[in-house]
Amino acid sequence: MVLLAVMLAGIALGLLWLWLAPRIPLVSDGRAVFLKQTEGEGAVGADGTYTLLALGFGALSAAVVFWFHRHGGIAIVVGLALGGLLGSLLGWGVGTLLGPAHDVAEHARAVGAGVTFDAPLELKAHGAVLAWPVAAMLVHLALTGLFGPRDPEPDWDAQP
């Protein structure tokens, strides 16, 4: 249940990434496609946006899972970690699938020479997909340590 709920939140990650990620403007001269802003940092910005969103989703999913399952257990933690990984991959897929066209040459021919269009949304930092599960595990561990159930204190005998 936790795995499925966390994984499906990946759709929201992908949609937010698509909405918030900076665009990379391209322009065609009829023979080749060029970056409109040669010193733009849109590709790094798209990776950073994805990473920050994934970290936020990781922290939020860990807090929600801890709130509803304070008793913990290995199944809850494994479901949270795997759901975060699958949700991160799902968000990556949704963002790239719904983003601008992947065939840049065909898109350039369709819009015509001299017209600015957006490059496809890509995640070049593939390690960013681990941001969600790592953040979820760290936040869940911190919440469990701070607010989780405690073991009863042992009775100490005063006799030597």
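Note on H126 and Q37: with the Förster distance fixed at 30 Å, the Cβ-Cβ geometry gives a FRET efficiency of about 0.75.
Considering only C-alpha atoms, what is the centroid distance from the range 1-72 to the range 87-122, in Å? The distance from the Cα centre of the range 1-72 to that of the range 87-122 comes to 15 Å. Note on D103 and D151: the extension gain reaches 11.4 nm, defined as 0.36 nm multiplied by sequence separation minus the Cα-Cα distance. Against the chain, whose longest principal axis is taken from its Cα atoms, helix 2-20 shows a tilt of about 30°. Rounded if a/c is under 1.5, else prolate if a/b beats b/c, else oblate: with a ≥ b ≥ c from the C-alpha gyration tensor eigenvalues square-rooted, which is the chain? Verdict is prolate for the chain. Among residues other than T144 with Cβ under 12 Å from its Cβ, the summed charge is +2 (Lys and Arg +1, Asp and Glu -1). Rolling a 1.4 Å probe over the heavy atoms of the protein chains gives the chain an accessible area of 61 Å² per residue. Give me the percent of the accessible area of the range 1-90 that comes from carbon and sulfur atoms, probe 1.4 Å, all protein chains in place. So the carbon and sulfur contribution to the accessible surface is 74 percent.
Computed on the chain, with alpha-carbon pairs under 8 angstrom and 6+ residues apart, the relative contact order is 38 percent. I'd like the trypsin sites (Lys or Arg not before Pro) in the range 1-56 restricted to DSSP loop residues with at most 10 other Cβ atoms within 10 Å, sorted by number. Qualifying residues, ordered by number: R31.
The values are calculated or read from the model by the stated rules, or taken from the named source; none is laboratory data. What you see is a predicted model, and the numbers here were worked out from it, not measured in a lab. Here Cβ is always computed from backbone atoms with ideal geometry, including for glycine, and neighbour counts include all displayed protein chains. Just so you know, the surface numbers come from the protein's heavy atoms only, side chains and all, with ligands and any DNA or RNA stripped out. Shrake-Rupley method; radii C 1.70, N 1.55, O 1.52, S 1.80 Å.
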